[in-house]
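Heads up: the structure comes next, in structure tokens.
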Amino acid sequence: MTFTRSDIDARRARLAARWNDILAPNEAVLVHCGEPIQKPGGLDQTYPFLPHPAYFWLTGRRRESEAVLYSKEGGWVEFHKEIGADEAVWEGERHDILVEGKGRPNSEQEIYVALQQFDNVYHLGQHRTPVEGKAFELRTALDRTRRAKDAAEVALIRALAAIAKSGYERIAEAVRAGVTEQDLRIAFESEILRRGATGVPYESIVGSGPNSAILHFPPTLKTIREGELVLVDAGAERYDYCVDITRMFSAGAPSQQQKDLYKLVLRAHEECIARSKAGVQWRDVHLHAARVITEDLLQLGVLKGSLDSLLEKEVSQVFFPHGVGHLVGLRVRDTGQPENINPKLYAGARLRIDLELEENFLITVEPGCYFIPALLDDAAIRSRFANDINWNEAEKWKRVGGVRIEDNILIGKNGNDNLTIDVPKVFGN
Ligand code: GLY
Ligand code: MN
Ligand code: MN
């Protein structure tokens, strides 16, 4: 069993404690699950339905068109959609209710809410109403509550990590000169589906040789050549919960350059994980990754000049152009809202969250170092960092591509728990 009634009740209690400070008497919140989305020009074709994560988290239900109401006076009231005979004929038994609960018929939703004569009803979840004013405060409180993963969520994510581990083991067996990027994707995805994942949380990324420098490279029929690096960033999903993992492989023995790049990223990865605990500002973890990458690229002769001036100029952004990680769990960008993205750049990168870490947050730690032609050949970048990058040396690293290492870290009070640590890091072994 994935979630129980008591898991749901405990989540609601944690959330109500926050919402009660915001809601006036006789105000209510309605969290909507959402509707299937029609494919453009698609007659009766819709995209696979994804329940709004807040609705699923609050109810354990994944059925479209439903909603759950909360008010201080009335507590929680669920509205359930009945499945009609026609749907039963076409779709058979649905598996979209993980937690049984009492509910009113969905058809009564509007009239029931109207009869309560609330002063205000705030709409959250999937709904057309803009989230402003008090609705914004309520959504922020909901996101804050959801960020701390409970034991049942962690158990599900651990199970997904074990499934992904199996998928990565199949890749380790399959990787060699002569197979294609797509072969590795198939090896991974077929294994995780066989072991109970219902899909992938994002399009699997497999980049070999110079393709490994393209951050979200979709696998192709390119044949992997002897001596090439392979970057695989692939996850496993069930009920929209997921893991998001990156591992490196090599076809044949890695070169010294490849080993040096891997070692650099591994140091950033390990040191950033060691820093990830409650009370730490996430931006400081990112800045640490940028520092390690700068120090080691200077050591390798890709950068030149003094470390202090390179850090001040934020040259690391040419080789590490993304944030060091993001919240993950219920979807691959968990509890993300535009307001969490501070418009400020840190070491030249935009972070997907700019928050203080709290206990039970689940976050990816995924530093990377890449030799990306689109950046290295950019005229503005070449002029801005003309005296900081050893351009002839950087050119020689383009053939290597890039390295990223990614794990999913559960934040603790004084440390953390790496939920994906068992996915083997086999590069260079
Ligand atoms: N898997 C995409 C990412 O790392 O965010
Ligand atoms: Mn990833
Ligand atoms: Mn990620």
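Some points to look at:
- Residues that are within 22 Å of R12 (Cα to Cα) and open to solvent by 80 Å² or more (accessible area, probe 1.4 Å) within the stretch 65-113 comprise K72, E73, E100, K102, R104, listed in sequence order.
- Checked against (1) away from ligand 1 (no atom under 16 Å from the Cβ); (2) closer than 21 Å to A141 by Cα; (3) among the hydroxyl-bearing types (S, T, Y), S316 meets all criteria but (2).
- Matching residues in the stretch 217-267 - criterion: being outside any strand (DSSP E or B) and within 15 Å of ligand 3 (Cβ to nearest atom): F217, V265
- Test for L311: is it hydrophobic (A, V, I, L, M, F, W, C), more than 16 Å from ligand 2 (Cβ to nearest atom) and under 26 Å from I363 (Cβ atoms): yes
- Sub-6 Å Cβ pairs linking a first residue in the stretch 98-112 that is closer than 27 Å to R238 by Cα to a second residue that is of a type in the set (V, I, T) and in a loop (DSSP other than H, G, I, E, B), at least 6 apart or interchain, are L98/T2, ordered by first then second residue.
- Condition met for T129 (polar (S, T, N, Q), farther than 25 Å from I409 by Cβ and over 18 Å from the mean Cα position of the chain (by Cα)): yes
- V292 vs. criteria among the β-branched types (V, I, T) and in a helix (DSSP H, G or I): yes
- Residues of the stretch 241-292 classified as open to solvent by 10 Å² or more (accessible area, probe 1.4 Å), in contact with a Leu (Cβ under 9 Å, 6 or more places away or on another chain), farther than 22 Å from I214 by Cβ and not hydrophobic (A, V, I, L, M, F, W, C), total: 5
- Single residue of the stretch 297-310 satisfying the filter (touching a residue at least 24 places away in the same chain (Cβ under 8 Å) and open to solvent by less than 50 Å² (accessible area, probe 1.4 Å)) that is nearest to ligand 3 (Cβ to nearest atom): L297
- Screening W282 against (1) within 16 Å of ligand 2 (Cβ to nearest atom); (2) farther than 30 Å from E173 by Cα; (3) aromatic (F, W, Y) leaves a single unmet condition, (1).
- Checked against (1) aromatic (F, W, Y); (2) touching an Asp or Glu at 6+ places or on another chain (Cβ under 9 Å); (3) away from ligand 2 (no atom under 16 Å from the Cβ), Y202 passes all but condition (3).
- Considering residues of the stretch 218-240 that are of a type in the set (A, V, I, L, M, F, W, C) and surrounded by 21 or more Cβ atoms within 10 Å (Cβ to Cβ) only, the residue farthest from E153 (Cα to Cα): I224
- Hits in the stretch 156-204 (condition: under 17 Å from the mean Cα position of the chain (by Cα) and without any contact (Cβ under 8 Å) to a residue 24 or more places away in the chain): E203
- The stretch 118-134, residues that are in contact (Cβ under 8 Å) with a residue 40 or more places away in the chain and of a type outside the set (K, R): F118, D119, N120, V121, Y122, H123, L124, G125, Q126, H127
The values are calculated or read from the model by the stated rules, or taken from the named source; none is laboratory data. These figures come from a predicted structure and were not determined experimentally. As a convention, Cβ positions derive from the backbone with ideal geometry for all residues, glycine included, and neighbour counts pool all protein chains shown. Accessible surface is based on the protein model in full, side chains and every heavy atom, while ligands, DNA and RNA are left aside. Shrake-Rupley method; radii C 1.70, N 1.55, O 1.52, S 1.80 Å.
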